[in-house]
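These notes are about the structure you will find just below.
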Amino acid sequence: MESRSYDKLFNKDFTIVVAGQIISLFGNSIICYALPLYLLNKSHSPALYGAVTACALIPMLIFAPIGGIVADRVNKKNILVALDFGMAGLMAVYDVLIGKVDLVTSMILVLMILYGIQGAYRPAVQASIPVLQKDENLNSANAVINMVNNLAGMIGPVIGGVIYAAFGIFPILDVSIACFFAAAVMEIFIHIPFVKRDRTIGVFAMAKEDLAEGVHFIVKVNPSVGKIGLVCGGINMVASALIGVGLPVIFTEYLDFKQSTGNMLLGYADGVMALGGLVGGLTAGIIGKKLHVEKSHWFIFFSTLMLLPMAAAVKYDANPWISYFAIVIPCFFMTIFASLYNVEMMSYYQRSTPAELLGKVMAFLTCLSMCASPIGQAIYGVLFQAFSDKIYLIILGAMFISMLLSYFSKRAIGRIGKTEKIPQ
């Protein structure tokens, strides 16, 4: 297998992967920002908003392991091209049907398909990085991909918020279609080294064997990987789901802003958080060799600490602009620490996993990390509707649980030190 033969970080193929990611993720960020917000604006129901966003994430949990199996068996370039074309087609169909079909049902269906595609897309990208980079460039390469994710997440909601507030949902759909199509065309020109693995058994038996192989690795061969994945799932359920449901509800329903203003401010807040992730990614790229996985729990601790000023902002009846900035500024620092943690964990996973297992292992870890998000979002939707006058208690509760997860992360990782690739 031709792998890890690239001397430069920004070699031709990795550069095209990065450029395609920027365009595709920009389209994804504006549509995933606008569609749920459109539903919240129409329904004014936090519980419905939480339930729909939770349902939308379920296919990601199903297709992430499938995507990992496929990423180990199929040329990763073909996966990226096919999925981007698929997302372009999906949004083109919805562009025609929106307003002509039931809003809630169609919204759930479209978001489920979109997130399902994303669930299969992510393992292909993650499994491509070690193939296109040498070991010493992994931290930097993962930092670049992390920065790309956050750059798209920063620009998408800001531009999407302005377009949505001024012109509505239809221009958002058109821009996303153009982005997915352009990314797919660009990815046609990527060369990702690939050696086809012989298949002597049926497809379903092969899938079962691959799944068992991935589970065995994270449970028996290197259980630290599985434990860290569980911690990441807990963080997603408690902290990430809180931000995902809480900010739209607070900015558009709780603070005393006009709906159009709240929609725009939510886009700006998403952009600020993505900027924090970008800063974190840049920092990880600069100090990558100084990061130590056994100290990574401090990133969770300091990120969680940022929930305290947010709780204070909603407890005291201050000017809505003061409350807004008292929430957004801590969110900026929260995502810096979260980004540093994600880069360190991703590099640890990749160094600790044999190349032929990487796709399915990364898929399982993505599934472990994401499986709690639908539960968390559904719970927060109900909590924000039931305790609309005591939102600060919800935030403080999330902060306490996240602090415990920081401690569990320290225990799960232990002093594993610098991890090398496990021999086959």
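The values are calculated or read from the model by the stated rules, or taken from the named source; none is laboratory data. Note that the structure is a prediction, hence the values are computed from the model and not measured. Glycine also receives a Cβ, built like all others from the backbone with ideal geometry; neighbour counts cover every protein chain displayed. SASA here: full protein model, heavy atoms, side chains in, ligands and nucleic acids out. Shrake-Rupley method; radii C 1.70, N 1.55, O 1.52, S 1.80 Å.
Residues checked against (1) polar (S, T, N, Q); (2) under 29 Å from Glu213 (Cβ atoms); (3) touching a residue at least 40 places away in the same chain (Cβ under 8 Å); (4) in contact with a helix residue (DSSP H, G or I) (Cβ under 6 Å, 6 or more places away or on another chain):
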site: Tyr38; (1), (2), (3), (4): no, no, yes, no
site: Ile58; (1), (2), (3), (4): no, yes, yes, yes
site: Ile79; (1), (2), (3), (4): no, yes, yes, yes
site: Ala88; (1), (2), (3), (4): no, no, yes, yes
site: Lys100; (1), (2), (3), (4): no, no, no, no
site: Ile108; (1), (2), (3), (4): no, no, yes, yes
Index of the failed condition, Asn149 passing every other in (1) more than 15 Å from Val18 (Cα to Cα); (2) open to solvent by 20 Å² or more (accessible area, probe 1.4 Å):
(1)
So Val238 passes all but one of these: (1) touching a helix residue (DSSP H, G or I) at 6+ places or on another chain (Cβ under 8 Å); (2) surrounded by fewer than 21 Cβ atoms within 10 Å (Cβ to Cβ). Which condition number does it fail?
(2)
Identify all residues within the stretch 354-367 that are more than 21 Å from the chain's Cα centre (by Cα) and modelled with pLDDT of 70 or more; write none if there are none.
Pro354, Leu357
Among the residues in the stretch 374-397, are any open to solvent by less than 30 Å² (accessible area, probe 1.4 Å) and at pLDDT 90 or above?
yes
Would you say Tyr121 is open to solvent by less than 10 Å² (accessible area, probe 1.4 Å), in contact (Cβ under 8 Å) with a residue 12 or more places away in the chain and of a type in the set (Ser, Thr, Tyr)?
yes
Yes or no: the stretch 130-142 includes at least one residue that is among the β-branched types (Val, Ile, Thr), assigned to a helix (DSSP H, G or I), at pLDDT 75 or above and surrounded by fewer than 22 Cβ atoms within 10 Å (Cβ to Cβ).
yes
Within the stretch 319-337, restricting to residues that are at pLDDT below 90 and open to solvent by 40 Å² or more (accessible area, probe 1.4 Å), the one that is nearest to the chain's Cα centre (by Cα) is Phe337
Per the filter on the stretch 373-405, residues of a type outside the set (Val, Ile, Thr), over 21 Å from Val52 (Cα atoms) and touching a Gly at 6+ places or on another chain (Cβ under 9 Å) are Ala398, Ser402, Leu404, Leu405
When you check Phe204 against the structure, is it out of contact with any Ser or Thr (no Cβ under 6 Å at 6 or more places or on another chain), at pLDDT below 85 and not in a helix (DSSP H, G or I), yes or no?
no
Residues located in the stretch 164-179, provided they are without any contact (Cβ under 8 Å) to a residue 60 or more places away in the chain and part of a helix (DSSP H, G or I)
Ala166, Phe167, Pro171
Based on what the data block shows, is Ala284 small (Gly, Ala, Ser), open to solvent by less than 10 Å² (accessible area, probe 1.4 Å) and either free of Cβ contacts under 8 Å to residues at least 60 places away in the same chain or under 22 Å from Ala165 (Cβ atoms) (or both)?
no
Can you list the helices (runs of 4 or more DSSP H) found entirely within the stretch 295-404 that contain at least 3 residues being in contact with a Ser or Thr (Cβ under 6 Å, 6 or more places away or on another chain)?
297-305, 320-352
Can you tell me which residue in the stretch 180-199 is modelled with the lowest pLDDT, limited to those that are under 14 Å from Asn75 (Cβ atoms), among the β-branched types (Val, Ile, Thr) and open to solvent by less than 60 Å² (accessible area, probe 1.4 Å)?
Ile192
